[in-house]
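Visitor: Take a look at this one; I'll ask things after.
Read-outs throughout are calculated quantities, based only on the coordinates presented, and are distinct from any laboratory measurement. Bear in mind that the values here come from a model prediction, so they are computed numbers and not experimental data. Note that each Cβ is placed from the backbone with ideal geometry, even for glycine, and that neighbours are counted across all protein chains shown.
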């Protein structure tokens with residue numbers, strides 16, 4: 001089923017081998033400032049203003065989390081533990097600023113432990129509300145303004161309205177290109193596998209957008225010359241929290257599934273929405289954008305939105321089954337999965353719920369479960 | 001079912017009989033007398049024993065009249081946990097073991113007020129369901145009461161039942177896990193969800209929940225709302241809450257909640273009633289502060305349940321209620337009498353401890369055991385301690401602002417949001433304020449936020465030379481860490497860190 005990896009795919013693969021890839025290093029050499037973030041409620045566009053660029057934190061090749069376990073305990077989600085382990089090992093030494101979101105208690109305590117153990121010179125926590133209305137939108141816009149002012153004061157960067165508007169436009173160009181590739185997955189025989197798509201997206205999130213955009217455009221050209229994938233047993237959608245390692249999707253696809261839709265934190269639905277630039281308040285535009293592009297169980301009033309988004313995607317992308325992946329100890333997804341699985345099954349959508357660690361493990365078990373799931377759908 | 005299975009099951013039950021009989025006798029009045037309590041204490045215990053039964057029987061009679069015999073039987077069938085309330089005297093018996101005088105009396109009194117409070121909850125729940133609104137446990141229902149609503153705290157029984165009977169939550173925890181809830185979640189939301197799944201909860205006409213205190217609790221309301229299919233309002237406390245901007249946002253949110261409740265229930269906000277409740281709260285705060293001042297002196301005139309159990313019920317469930325104010329007035333009198341006569345709550349006081357994180361619900365008497373075994377006295381705990389000011393009752397706006405502040409700066413809420421200092425500073429502040437010797441962390445396995453602070457806390461305590469016990473347990477499930485295991489952890493700590501001998505061995509040495 002897998003298409004032969006082209007030249008650009010190899011670039012994406014290579015960019016994912018390190019938490020700070022060569023494009024990040026290149027940008028830093030050029031005098032630009034990498035700002036790390038780990039949650040989809042941070043608007044990337046804000047961190048693309050002037051010399052800043054956002055780097056989505058991931059920990060490729062993490063093997064153990066011994067130091068992090070001492071501080072965070074082994075009952076905290078392995079993504080946060082992996083991040084703390086890398087932070088303690090100085091694997092993010094290029095990063096100049098850190099933006100956290102108290103999206104969940106795990107992220108919140110990661111911030112606390114990082115602050116205690118490493119005292120980063122710029123470490124900010126963005127107070128994102130857990131419900132959306134006029135008041136919280138206003139609050140979120142103010143939060144973004146506070147962050148922008150702090151960035152301007154600390155790094156001496158231009159966070160003016162014009163600078164932010166320019167950054168939002170750059171984000172929009174970038175998002176449109178990524179989305180156009182994502183759209184190809186609606187076809188009956190998409191030219192791209194879920195693994196490839198996720199490699200591209202993760203590489204894009206972990207790199208300066210302007211530097212990776214030419215590679216993405218090359219990839220687009222490559223795809224236009226490709227034939228569609230015909231040999232697959234079932235079209236699948238992956239739903240859940242942080243999923244960074246494309247190998248997880250590769251294993252799913254090795255059993256005959258074709259992942260055509262990604263509704264998880266680092267996925268594109270609806271993570272790569274464009275920003276509606278209107279009015280004079282760029283912060284409000286960005287606040288509206290983050291509330292739109294991130295769908296997390298932390299948002300208390302959005303269960304129906306989470307459910308309906310999945311149902312709509314199932315129709316739009318002709319999905320046969322949903323794989324719900326949850327990182328062990330994630331309370332938000334762990335608890336939300338209970339009504340979500342029931343509601344999806346009530347709507348006749350087959351669901352496979354997988355509890356996993358952040359780093360890939362238990363591959364044999366994963367293969368068996370995916371295989372059984374596909375068979376259970378009669379595919 | 002085959003007859004052999006029935007016989008085997010019966011045999012298996014029979015093997016438990018000696019243990020169950022022993023436990024029953026130990027928890028009964030006979031058991032109380034058999035442990036050789038002095039006649040004065042026995043008389044006080046008997047008084048409350050009778051008062052608790054009288055209250056329960058009165059409620060049963062009232063329920064039969066209001067609901068009819070069939071309606072009452074149906075209510076018991078749908079809410080079988082109500083029967084656990086009958087164990088209230090057994091729980092008093094356990095908690096008073098080894099305690100005498102005012103300390104003993106205060107515990108009997110608190111258990112009695114909780115018994116009355118639970119009965120009030122049952123009345124609200126059963127007698128007028130059309131006005132019943134469900135509240136999440138960290139949104140105190142002062143506003144609901146001011147509006148004249150019947151209110152029910154959804155998590156309440158998940159907290160109270162294990163205090164009365166250790167295994168009370170287990171069937172509900174199992175039900176939630178079997179239905180797909182993550183087993184590693186906190187057992188309180190699991191028990192709550194389990195009760196909802198089994199249909200053992202009142203439904204109400206509307207529900208108010210929040211983002212407090214933790215992820216599992218907040219997330220569980222997506223399920224509960226679908227299960228109940230009733231309109232739900234969610235209050236959202238900001239992460240950074242020690243500032244005017246956050247207070248304004250929260251007050252606006254609460255105002256939105258009031259408007260929403262007026263829209264979804266037949267009741268209207270009565271600000272005069274709200275003022276009375278807030279003034280009652282202020283009075284309780286004043287009295288509790290006085291109590292803390294007295295217990296900060298060595299030896300403490302009252303301790304343990306007199307401090308934490310009184311707060312957990314009366315501030316969270318019936319704040320401002322005349323019964324709660326009276327309880328605190330009585331506690332103050334008892335504490336003052338001991339204080340002025342230089343009588344220690346317990347003659348064994350050797351070490352003064354603070355308990356951090358949720359109390360040991362299913363093993364409420366562990367401090368009783370620690371007192372008798374090592375002279376460790378619980379002085380205060382994180383669920384009780386606070387340092388917010390009173391509510392300004394000048395106008396509805398000041399009430400909303402300060403009531404909101406009280407919620408956001410209340411126990412648990414302020415320790416689960418904001419930077420690490422919000423969690424840590426209180427511990428060290430309490431050590432100074434209450435003259436403490438050690439910190440006990442109730443290391444609830446389901447509480448990831450608390451677990452993730454242990455590393456920092458350990459190093460901070462080490463740097464300050466404060467002995468720290470991180471006691472592993474599960475809030476409502478003793479199958480995770482047994483009572484024996486919990487006692488062993490205390491023993492290891494006392495012997496290896498504190499170099500303390502058991503009190504019964506001190507004479508021998």
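Visitor: Computed FRET efficiency, Cβ-Cβ of residue B:428 and residue A:276, R0 51 Å: what is it to the nearest 0.05?
Guide: Computed FRET efficiency for residue B:428 and residue A:276: 0.60.
Visitor: Taking only the Cα atoms of segment B:281-380, how large is their convex hull per residue, in Å³?
Guide: 90 Å³
Visitor: Restricting the calculation to Cα positions, tell me the Rg (one decimal) and the Dmax (whole number) of segment B:185-232 in Å.
Guide: Taking only Cα atoms of segment B:185-232, I get Rg and Dmax of 10.2, 28 Å.
Visitor: If you take each beta carbon of peptide B:219-232 and count the beta carbons of other chains within 10 angstrom, what is the mean?
Guide: That works out to 5 on average.
Visitor: Right, here's the next one. If I build a Gaussian network model for chain A, linking alpha-carbon pairs within less than 10 angstrom, which residue out of A:308, A:285, A:70 has the largest mean-square fluctuation?
Guide: Taking springs between Cα atoms under 10 Å, the residue moving most is A:70.
Visitor: Another question, then. Could you give me D for segment B:123-280, from Stokes-Einstein at 10 °C and 1.306 mPa s, where the hydrodynamic radius is the Kirkwood radius over C-alpha pairs? Units µm² s⁻¹, please.
Guide: 97 µm²/s
Visitor: Continuing with the same structure: Helix-only estimate, please: 222 nm mean residue ellipticity of chain A, summing -39500 (n - 2.57) across DSSP H runs of length 4 or more and dividing by its residues, to the nearest 500.
Guide: -15500 deg cm²/dmol
Visitor: While we're here: Ranked highest first by average number of other Cβ atoms within 10 Å, how do A:44-53, A:116-125 line up?
Guide: A:44-53, A:116-125
Visitor: Most mobile of A:237, A:140, A:338 per a Gaussian network model of chain A (Cα springs, under 10 Å)?
Guide: Most flexible of the set in this elastic network: A:338.
Visitor: Looking at the calculated P(r) for segment A:78-224, what percent of the C-alpha pair distances fall above 21 Å?
Guide: Looking at segment A:78-224, the distances longer than 21 Å represent 61 percent of pairs.
Visitor: Neighbouring Cβ atoms within 10 Å as the yardstick, rank B:230, B:295, A:327 fewest first.
Guide: Lowest count first: B:230, A:327, B:295.
Visitor: Normalised radius of gyration for segment A:9-55, please: alpha carbon Rg relative to 2.2 N^0.38 Å, two decimal places.
Guide: My calculation over the Cα atoms of segment A:9-55 gives 1.21.
Visitor: How big is the convex hull of the Cα atoms of the protein assembly as shown, per residue, in Å³?
Guide: 183 Å³
Visitor: Explain nothing, just the number: relative contact order of segment B:96-194, from Cα pairs under 8 Å at least 6 residues apart, as a whole percent.
Guide: Reported relative contact order: 19 percent.
Visitor: State the dimensionless ratio Rg/Rh of segment B:223-277 (Rg: radius of gyration of Cα atoms; Rh: Kirkwood radius).
Guide: Result: Rg/Rh = 1.06.
Visitor: Please report the relative contact order for segment B:1-144, taking Cα pairs under 8 Å with a sequence separation of at least 6, and give it as a percent rounded to a whole number.
Guide: In percent, rounded to a whole number, it is 28.
Visitor: For a footprinting-style exposure proxy, rank B:12, A:18 by other Cβ within 10 Å, fewest first.
Guide: In increasing order of surrounding Cβ atoms, one gets B:12, A:18.
Visitor: When you look at the Cβ of every residue in B:414-424, what mean number of other chain Cβ atoms sits within 10 Å?
Guide: Averaged over the peptide's residues, the number is 3.
Visitor: Restricting everything to alpha-carbon atoms, can you work out Rg to Rh for segment A:144-292 with a Kirkwood hydrodynamic radius?
Guide: 1.04
Visitor: Additional query: Can you sort A:39, B:267 by how many other beta carbons sit within 10 Å, fewest first?
Guide: B:267, A:39
Visitor: Using the alpha-carbon centroid of each, what span in Å lies between segment A:55-90 and segment B:323-358?
Guide: Rounded to whole Å, the Cα centres lie 45 Å apart.
Visitor: Same structure, new question: Name the shape class, rounded, prolate or oblate, that the alpha-carbon gyration tensor gives for chain B, where a ≥ b ≥ c are the square roots of its eigenvalues, rounded holds for a/c under 1.5, and otherwise prolate holds if a/b is larger than b/c and oblate otherwise.
Guide: Cα axes put chain B in the rounded bin.
Visitor: Is the C-alpha gyration tensor of chain A telling us rounded, prolate or oblate? Criteria: a/c under 1.5 is rounded; beyond that, a/b larger than b/c is prolate, otherwise oblate.
Guide: Note, shape of chain A comes out rounded.
Visitor: Same structure, new question: What value, in deg cm²/dmol to 500, does the helix sum -39500 (n - 2.57) over DSSP H runs of n ≥ 4 give at 222 nm once divided by the residues of chain B?
Guide: Rounded to the nearest 500, it is -19000 deg cm²/dmol.
Visitor: Going by a ≥ b ≥ c, the root eigenvalues of the Cα gyration tensor, does segment B:363-479 fall in the rounded group (a/c under 1.5), the prolate group (a/b larger than b/c) or the oblate group?
Guide: Prolate is the answer for segment B:363-479, as a/c is 1.5 or above and a/b outweighs b/c.
Visitor: For chain B, what is the relative contact order in percent, using Cα pairs closer than 8 Å and at least 6 residues apart in sequence?
Guide: 15 percent.
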